[in-house]
Each structure stands twice: as structure tokens, then as C-alpha cells.
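The values are calculated or read from the model by the stated rules, or taken from the named source; none is laboratory data. In this text, all values refer to a predicted model and were calculated from it rather than measured experimentally. Every residue, glycine as well, gets a Cβ built from its backbone with ideal geometry; the counts of neighbours run over all protein chains shown. Accessible surface is based on the protein model in full, side chains and every heavy atom, while ligands, DNA and RNA are left aside. Shrake-Rupley method; radii C 1.70, N 1.55, O 1.52, S 1.80 Å.
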Amino acid sequence: MCMPTSKKASAATAKLATIDTSAVGDASSSSEAILANNAYNNNTRPTKDDTKHFKAVTSTHSDHVRNTNHDLLWFFGPALICYLLGTSIYPIYVIGIARIISTRITLTLHYLFVDKDNYLNKISQKQLEREGDDYLCGTVLHMYAQIPLQVLFPAMFFSDPAVIGASAYRAFWAHVFLVEPLYYFAHRWLHVPEIMKKMHGFHHLSISTLPSTSLVQNYHEHFVYIAVFGPAFFAPFLLYGEMHWSIIGAYLVLFDLINSYGHMNIKYRHPVFTSKYSPFQYLFYTPEFHLGHHAFFRANYALFMPIWDHMCGTWRTYKKTDTDRLLPADQQDFVFIGHNAGLAHFMTCPEWDLYASYGPFRTFKYIPYMVEFMFCNMVGAFCRLFMSAYTCSRYMINDRLIGRVICICRTPIDYIKPKRYPLVNKDIVKLIKSQYKNHGTKCFGLGNLNKMKQVNDGGQLISDMVNADPFLKDKGIRVWTGDTMTAASVYHQLIDVPGFDRIESIFFVGANGKIGNAVCKQLLTDFPKLKITIYSLSHTLDHPNVKYTSDLADLLNHKVVVLGKQLSLKKYAKALAPARGASSKKSELTPYKCRIILDYTVPYIPIDLTGFHNIEHHQIAVLETSPNTSDFLKGHFDIGFGLEQDQIYPCHAGCIINTVYERDTDEVGEVCVKDMMTMWKRGLKLGLRNRPLKI
């Protein structure tokens, strides 16, 4: 359905002109960014003097990249060494695995209850990639360090279990009287500019922190901490000649958890921990105490006991203020309804692995798709025993609206088997009803397979079901596919290809779909001489410049190929086989014309172009927005979609644009071609751009 001309659109345009331009950007490593980051209020903002040494530190560590290809081998290395030395591997791996599991659980819980709804505290992709490579290094390194200690001091690990209670008591007091002061002064030494530059600056690249940021250190710095934390159990052993590995393990796990607590982005201001008359203000820290250290750099050095900062004059008050500016927790103006897209999609869920939230979906080369889909089907069936949908990330739109992604518990098998289509549609309408009842939400977007023509005629059936529902029919519910924006994105990506106005013909796979059909119609209008060859057995576009073919290999005869429908990779391999290996650096000598394949299918799956050095395969129909230049979107609108940070699929963006402009009609069924340019202009005005092609 096309957009009506209404006064609401003009009103929405007027609202855009009055939007506050202040932005909470991603945490940066520069002192200027720290000073500008309005997560700090005027009373606690660090001065330029506090951060004047930061530029030197940044230049040393910010480009650090660690090779992670052999991490699994490093993890199993202690087993081989223990076997050769004849010492037990059991304590080493029990402690190591317990620490890894506790860290991952802490990350998951922190995202669920702290970060998921805090759209003002968005961790940069660069930080996530850096920390993801390094946050378990210390744990594995400690496993190696434990081996010589077990060999040299077996009684420190394998004393009689009867000493466990006494060993725990001794380790506690050793931590209080040895580790705490040692850490305080070692930490101050690490902030000496030369040492900061060599080691500790790597940790301080993280201004906004995660629980696991506590484990991210420079490689050499881990050895400093082994020396600092070791006395907690080494000193009692030297004094009493006994200790047990279970106490060492419990100490390390508990240490990791408390250290993670200090890096959580939460406010905990109970008078027990904040009153100057309470001993706990001096004996146990709060997250804001250590977050203040990451803000000021030269204050709040203590480990878990702030008393050392009070005694040495380095204690400073810090208050976290970003959560004070969040819109009401129950506000929800728009919902984008998603679904599971396979095992690779599960692996990018931040609840499972926050560090894998951005970037392309992983591929499982040796697992057939149907095996993967069947596994996901079982997981989905199990989830539906407890819930019909899962609430994902929350984000802010134009500083005044709240959007959220909510996934129904449906997996690819549900969209392959026609018998399940009614169940999918029923779940979608059930979700719409529940969100209206709970939050008053009236605007809904359908993601990817939830608007398949086979499932619900491009969302038309969902619209009909909503209008027929006794409860929903008079509530002003709007259902959108966002496909108009996708068609506009594909069209502009095509015409932006260098020399496109001189191209005689293109090859199109999926042109009979609603997006492809709209793109072809617009191309034929704006480029009357352009010829389009469509790969399909059915003829839906009647035009003298359009011809149909059932020979996929014909794509090699066209310089530009557009893919809008997923085909088996085996089909492409068979079609390309005759010309594979015939490429030449001189393009005019190749026996084929194809140079670029533009692909807007979701998820994007690369085609094997081995032997075709002159053909490039690019994903298109991906939009970019920057929180530094536009206030259109803030928060985690981009997590778990297989995209880079601050990128968004145009169908998702199109639904959000409809929300901003208060569209009062549904956008379902076929794409209205005349609306494409209107949507594109609105997107540009809001700061959206096609992701540039690197051709």
C-alpha cells in the first residue's frame, strides 16, 4: 500500500528540525573524547590534566591485534606438559574451566540486566574485538604458571583435605593484609607514564567497561599480577606448610567475580557503602569507585578495599549518570519482529557471546544446512515450552522514541514447512497483542522471513488478521515490512556503481520478488536503454527490454549481476564451472563479461569465486548511520544482525522511518514504486547512507 499524503508527515518533518543535537558517542580512547563524553557530569568529569598523558598511551596499544588461530592448542598445552612432568592435570583444568564459565555467565547476566536496555552505554565494536581476543589470556597463562608450582611445591596443592577450612581462613587474611596493599602500590607504579605506556595503557583503552574488562591486560602485566596475587595462598603455605588446590581455585574464581563487579556499569549507592560513617565505605568498593578510576586515571587505585586510597589521598568521588537520562522503562513506540536464522545466528546473540555480536555470521563448513536447521528447530521447540517470544535490545529513535527488537521463537524449519506457516502468523499476531497490552505499542515491523510471500503474502495476511481481531481491530495498529526502503537502497546502490549509466544490460536473480520487481520498474523508467535478463521460469514483468532465462550460466555474459533470491551454492558452482580459472589480469582477455555481483539476500552467503580474479561479490542493501553525526539512532539497534556496528538493514530502517513520520497506513504486500524516492529522501535527512562499495 502506498503512503498517503498527510499533514502528519509534515509535522514529523518539523519535529526533526527541533531535535537536540547532543549525542552520547561511543567510548573513545582519546582524552578529548573522554572530556566530551556526557556520561560524566560536571562534578566528576576528569580535567585535561588528569588525561594529558593519554595520547601517548593510545598510540602504543590502540592498534594491537592478537593472533587467535591457535588459542585452542594453547588451552590444551598444559595437559601435554603435565603428562610429561607427571603432575596432575585435574586441578589445573578444574580451576581454569571454572574461571572461564564464571566469566561467561557474568557477561551474560550483565548484558541481560544492565546493558541490554541502556542505549546510552554502547560499547564500540573495536573495543569488543580487542577485549574478545584477550579476556581469557590471563586465565590460560595462570594454568601454565600453576604447572611448575605443582611440581616444586606439591604440598601447596595436594595437602590433606582436612586443611581446606584453615587454608581458606588464612588465604582471606593474606589477601587483606598482603594482596590489597601490594596491589595498591603496584597499581600506582603501573600508572607511571613510562610503565603505563608499555603495559597498563592497554587495559585503560576501555573507558566504558564490561565485567570481563577486568581480565584484559597487556601480556607482560599478567606476570605482575601473578606476583601481586600469589601471596594470598603462597604466604600461608610458607608459614604453615600446607594449602589445597580447591582453595586456590575458589580464591581465583571469587577474585574474578569481585573484580568483574568493579567493572560493571551499575549504580549501587546504599548508605552501607557510601556513608562516611560506615566502615564498608573503606573495606569494600562499589562499581562506581572503580569506574571512577577509569574516568580519572589517577585516583581510586585500590583493588577491593578503598581504605588505601583514603589513607594515601587518592580517593575521589565518581557518580555514573547515564542511566539518569534514560526514557521510561515501559516506553516502547516501535517493535521490529525478528526470528532465529540458524545456528550462526545463535552464536551472535550477545546473551551467548557479547564479543561476537558484530560482524558477519559464522559459517559451519562441515555441517549441512538441514542438520543445522534441525538442531535449531529442537532448540526453538524447547524455548516455546516457556515463552513464545524473546525480548532483545532496546534503542532510542530521535531522542524521543523507543524501539525494540523482539524475536518470536521460530527457526528456519518453521519457514520451510508450509504446515507451520499458520503457527508463525499466529505467533506474530500474539506478540503484537501482548506488546500493545503491556506497552501500548502500535507500530510493528516484520523482519526477513516473517514477511515472506509464501508465509503471509508479504505481511498482507498479518495486516488482515490484525484488522479482524476483536481486540486489535480498532487500536490503530500498523504493520510494516520496510521493503520500500530496501528497494530504494538496492536501486541507489546499483546506480552508484561507477559507469552504470554506460552499462548495456544487467542479470537479475530474484527480480520477480516484490523488491526486485520494484527495482526493475524504477531502472526501466530512469534508464530506458537498459536491458534486464531475469533468471526465472515465471514471467511477471512484461517489458520490451526484459527477457527471461532458465540458464544461470548466462550471468557471465553481463557486467553487473544482482542477486535478490538465495539459490543453492551448488547451482552457482555448476553455472560458473565452464569459465573457472579463465580469468586474466587484463579484463578484455577474459571469456566472460561479469565483473561485479551485487547481493541483497539475507543472510549474505559468499559465492565461491575461486579462479575468477576479475569478479567481485558484494553485499548491498546495508545502511550506515553514525551516532557522532546523527541523533537518529542510539543504542543496540545493530546487534545480532550479522552486520558491523552502526549498520542496519533498510527494511528495519524503513519501519523506523515510518514510525518517525507517523505513517497511518500499513506497508504490506507489493512495494509501491512511487514511494521509493520519498523514503530514500527521508532516510538521507535522518543521516542514513548506503554502505559504500569497495570496488
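Could you tell me which of rounded, prolate or oblate describes the stretch 152-195, using a ≥ b ≥ c as the square roots of the eigenvalues of the alpha-carbon gyration tensor, with rounded for a/c under 1.5 and, failing that, prolate when a/b is larger than b/c and oblate otherwise?
Numbers: a/c = 6.54, a/b = 2.33, b/c = 2.81.
Taking the square roots of the gyration eigenvalues as a ≥ b ≥ c, the stretch 152-195 is oblate.
Could I have the simple spin-label model distance between residue 177 and residue 685, label points 7 Å from Cα toward Cβ, reported in nm to one decimal?
7.2 nm
Tell me, what % of the accessible area of the stretch 547-695 is carbon and sulfur with a 1.4 angstrom probe?
Carbon-and-sulfur percentage of accessible area, whole number: 53.
If only Cα atoms are counted, what is the Rg of the stretch 292-449, and what is its Dmax, in Å?
Both quantities, over Cα of the stretch 292-449: 21.8, 71 Å.
With labels modelled as points extended 7 Å from the Cα through the Cβ direction, what inter-label distance (nm, one decimal) is found for residue 580 paired with residue 469?
About 4.9 nm, to one decimal.
So with the 1.4 Å probe, I'd like the accessible area per residue for the chain, rounded to whole Å².
With all protein chains present, the chain gives 45 Å² per residue.
Let me have the 222 nm mean residue ellipticity of the chain computed from DSSP H runs of 4+ only, each contributing -39500 (n - 2.57), with the sum over all residues rounded to the nearest 500.
-12500 deg cm²/dmol
Helix 180-190: angle to the longest alpha-carbon principal axis of the chain, degrees 0 to 90, nearest 10?
Taking Cα atoms only, the helix is inclined about 60 degrees.
With only alpha-carbon atoms in the gyration tensor, what are the semi-axes of the equivalent ellipsoid for the stretch 416-509, in Å, largest first? List each step's numbers first, then the result.
Numbers: eigenvalues 244, 54, 18 Å².
Gyration-tensor ellipsoid for the stretch 416-509: 35, 17, 9 Å.
Would the stretch 66-159 count as rounded, prolate or oblate if I go by the C-alpha gyration tensor, calling it rounded below 1.5 in a/c and otherwise prolate when a/b exceeds b/c, oblate otherwise?
Prolate, because a/c is 1.5 or more and a/b exceeds b/c.
In the structure shown, do any of 116/451; 320/442; 529/565; 514/685 have a Cα-Cα gap over 30 Å, and if so which?
320/442
Over the stretch 246-298, what is the relative contact order in whole percent, taking alpha-carbon pairs under 8 Å and six or more residues apart?
Here the relative contact order equals 34 percent.
Hey, any idea what the orientation-averaged projected area of the convex hull of the stretch 451-594's Cα atoms comes to, in nm²? Display every interim value, and only then the final one.
On the way: hull surface 44.0 nm².
Here the figure is 11.0 nm², rounded to one decimal.
Return the distance in nm (one decimal) between the two label points of a simple spin-label model at residue 65 and residue 366, each offset 7 Å from Cα along Cα→Cβ.
So the label points at residue 65 and residue 366 sit 2.7 nm apart.
At 25 °C and a viscosity of 0.890 mPa s, what translational diffusion coefficient does Stokes-Einstein give for the chain, taking Rh as the Kirkwood radius over Cα pairs? Give it in µm²/s as a whole number.
Result for D is 86 µm²/s.
Ordering 242, 670, 504 by accessible area with a probe of 1.4 Å, largest first, what comes out? Write out the running numbers ahead of the final one.
Working: 242 50, 670 110, 504 145 Å².
Ranked list, largest accessible area first: 504, 670, 242.
Any idea what angle helix 650-660 forms with the longest principal axis of the chain, computed on alpha-carbon atoms, 0 to 90 degrees, nearest 10?
Taking Cα atoms only, the helix is inclined about 90 degrees.
Sort 687-693, 636-642 for me by packing, meaning the mean count of neighbouring Cβ atoms within 10 Å per residue, highest on top.
By packing density, highest mean first, the sequence is 636-642, 687-693.
Convert 25 °C to kelvin, take the viscosity as 0.890 mPa s, use the Kirkwood radius over C-alpha pairs of the stretch 62-102 as Rh, and evaluate the Stokes-Einstein diffusion coefficient in µm²/s, rounded to a whole number. Can you show the working numbers first?
Values: Rh = 11.9 Å.
Diffusion coefficient, whole number: 206 µm²/s.
Please say if the stretch 612-695 is rounded, prolate or oblate, where rounded means a/c under 1.5 for a ≥ b ≥ c the square roots of the C-alpha gyration tensor eigenvalues, and otherwise the choice is prolate for a/b larger than b/c and oblate otherwise?
Values: a/c = 1.96, a/b = 1.33, b/c = 1.48.
Because a/c hits 1.5 or more and a/b fails to exceed b/c, the stretch 612-695 counts as oblate.
Output the peptides 522-529, 99-106 sorted from most to least packed, where packing is the average of other Cβ atoms within 10 Å over each peptide's residues.
By packing density, highest mean first, the sequence is 99-106, 522-529.
Relative to the longest principal Cα axis of the chain, at what angle does helix 231-240 sit, 0 to 90 degrees, rounded to 10?
The two axes meet at around 30 degrees.
Calculated FRET efficiency, residue 388 and residue 101, Cβ-Cβ r, R0 25 Å, to nearest 0.05?
Rounded to the nearest 0.05, the efficiency is 0.25.
Pop out the ³J(HN,Hα) list for the stretch 593-600 in order, Karplus 6.51 cos²θ - 1.76 cosθ + 1.60 with θ = phi - 60°, rounded to Hz; leave Gly and Pro as x.
9, 4, 10, 9, 10, 9, 10, 10
Calculate the all-directions average of the projected area of the stretch 123-233's alpha-carbon convex hull, and give it in nm². All intermediate terms of the calculation are to be shown ahead of the outcome.
Values: hull surface 32.4 nm².
Average of the hull's projected areas for the stretch 123-233 equals 8.1 nm².
Quick one: which residues, 5+ away or cross-chain, put their amide H under 5 Å from the amide H of residue 405? H built at 1.01 Å from N.
336, 392, 393
Ranking request for peptides 179-191, 546-558: highest mean number of other beta-carbon atoms within 10 Å first, then the rest in descending order.
In descending order of packing, they fall as 179-191, 546-558.
Suppose we take every Cα in the stretch 529-641 and form the convex hull; what volume per residue is that in Å³?
Measuring per residue, one finds 181 Å³ for the Cα hull of the stretch 529-641.
Set the Förster radius R0 to 22 Å, insert the Cβ-Cβ distance between residue 268 and residue 310 as r into 1/(1 + (r/R0)^6), and round the FRET efficiency to 0.05.
After rounding, the FRET efficiency stands at 0.70.
Please report, as a whole percent, how much of the solvent-accessible surface of the stretch 248-348 comes from carbon and sulfur atoms (probe radius 1.4 Å). Intermediate values should be presented prior to the final figure.
Values: 2650 of 3950 Å².
Answer for the stretch 248-348 is 67 percent, counting heavy atoms of protein chains only.
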